[in-house]
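Have a look at the structure below before the remarks.
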Amino acid sequence: MSWLLGHVTADAPRGAGALRASRRLFSLLGDPQDLVPAVHVVGTAGKGSVVSMIAEGLVGGGHTVASHLSPHVYDVRERFVLDGRLPAWDIVLEAAQPVAAASEDAAAGEKPTFFAVTAALSMIIGHLADADFLVIEAGIGGRVDATNVLSRSDVLTVVTAIGLDHTDVLGSTVEAVAREKAAVLLGRSDVVVAPQPSVGAGRVVMEIAHELGVRVHEVGAEMSLAWPATAGLTAEVALGILSERTGRAYTPGVTRPPGRLERLEFADRRVVLDGAHNPLKLDGLAAALRARQIRPQVVVAAVGTSKDLDGCVDRLARLAPRTIATTFGSVDSAGPAARTAVDLAAALRGAGATQVIEAGTGTEAARAAVATTQPGDTIVVTGSFLHLAEVRDELARM
């Protein structure tokens, strides 16, 4: 699968270029995304959880379901799940052959992104497994997202909580972000709209849906509930619409993908791993911890260079009495880069955190977390998906 990692490049197209490359890739593959009904989940927070809950519900109703999620935490196959499980490597390798060939041909124009290629893999795997449904998580946007290739009118769109993120591509206001995400509604019939933390974002989605003649199904919930508490309700509404179409009954699943409120126990410590990497997601994490009466003693955090540093450290500084600032990757990496531990620690102190420890690697951060806690204490690892595996692996070794 080394060819797949070859698509992680510093000059990978973004925005309209990424969408053009994705459409060419799928066209060369024979448009597998349109062979069966699909659910397309867009938004800023909660997409992965909603995808998993819908897919699990459909599997429970007797269907074969291929899902696309992003990012992965421990295994790249988390991005192309089959019936809620990691697919066997033999079907992955079988699917990789046509996708690799098509991505090479597509690269004669603009090279498809890593994200587009993994999305294509999920759909080819579904085709090979005779899937009845695709449940697809969008990436950073909607209008120019690599997954905006689903052209059937019966695609069910789900819009989760919208907030500021990837502002360099999506715009600097939450209304602009909502407009980009809701653009996928063109040519579709139904949209499920989760409770929105921003009145402006919700208004934009509703206006676009009405302009395009799309039926709106609002998820009823208390406005005080953060997105983790409404993910199941959102999946339930979506499955209700699919039940009307198929005549089968579905119950939302309860499984979340790795790195989303993932609760484990290592070194006699309770550990919560969550890839929350923007203020909206960190607010949701804090709300979920309160709802479960989890009071962490220490937070291990890393923050990407492209993220809202001030907004993130404001939330991180309030999660626990002690914060361990760490980093991930390398400045020479073609993938996302992180703030240094030194810079993140300084920002945390500026946000009011009084007990801050600097750790140059996730391994060092895990050791510091254990050294500064007692058996039975809770450690939260957050701020990014990209250091979760390293911290978890070291905690497991301890």
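Overview of values
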item	result
Highest-fluctuation residue, ALA108, ALA45, ALA120 considered, GNM on the chain with Cα pairs under 10 Å	ALA108
Length-normalised contact order of the chain in % [C-alpha pairs under 8 Å, at least 6 apart]	17 percent
Value of [θ]222 nm, deg cm²/dmol, for the chain, DSSP H segments ≥ 4, -39500 (n - 2.57) each, nearest 500	-12500 deg cm²/dmol
Stretchable slack from ARG292 to SER27, in nm (0.36 nm times residue separation minus alpha-carbon distance)	90.8 nm
Within-14-Å neighbourhood charge of LEU29 [Cβ basis; K, R +1; D, E -1]	-3
Convex hull (Cα only) mean projected area of the range 262-397, reported in nm² to one decimal	7.1 nm²
Net charge over other residues, Cβ less than 14 angstrom from the Cβ of LEU388 (K, R count +1; D, E count -1)	-2
Residues THR113, THR378, THR372 arranged by fewest to most Cβ contacts within 10 Å	THR372, THR378, THR113
Lysine pairs in the chain with Cα atoms under 23 Å, if 8 or more residues apart or on separate chains	6
Cα-based convex hull, the chain, per residue volume (Å³, whole number)	130 Å³
Within-13-Å neighbourhood charge of GLY142 [Cβ basis; K, R +1; D, E -1]	+1
Amide H contacts under 5 Å for GLY304, placed H, 5+ residues apart	ARG339
Integer Hz, Karplus 6.51/-1.76/1.60 couplings in order for the range 116-130, x for Gly and Pro	5, 5, 5, 5, 4, 4, 4, 6, 5, 4, x, 5, 5, 8, 6
Separation of the ASP90 and GLN355 label points, Cα + 7 Å toward Cβ, nm	5.3 nm
Sequence of PHE266, PHE133 once ranked by neighbouring C-beta atoms within 10 Å, starting from the fewest	PHE266, PHE133
Net lengthening on full extension, ALA129/LEU5 (0.36 nm per residue, minus Cα-Cα)	42.2 nm
Measure of compaction for the range 133-223 (Cα Rg per 2.2 N^0.38 Å)	1.01
Table column - 3J(HN,Hα) (Hz), the range 145-152, Karplus curve with 6.51, -1.76, 1.60, x for Gly and Pro	6, 5, 8, 7, 10, 7, 10, 6
Hz values of 3J(HN,Hα) by residue in the range 269-276 - Karplus curve (6.51, -1.76, 1.60), Gly and Pro given as x	10, 7, 10, 10, 10, 8, x, 3
Burial ranking of peptide ranges 204-211, 67-74, 320-327, 86-93 (average Cβ count within 10 Å, highest at the top)	320-327, 67-74, 204-211, 86-93
Amide H within-cut-off set for ILE136, under 5 Å, with H built and near neighbours excluded	VAL39, HIS40, VAL41, HIS68
Ranked LYS111, LYS47, criterion: other C-beta atoms within 10 Å, fewest first	LYS111, LYS47
Under 5 Å, built H, 5+ apart or other chain: amide partners of ILE357	THR323, ILE324, ALA325
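No value in this document is a laboratory result; all are computed from the given coordinates. Only a predicted model underlies this, so the values are computations on that prediction, with no experimental measurement involved. Glycine gets a Cβ as well: all are built from the backbone with ideal geometry, and neighbour counts include every protein chain shown.
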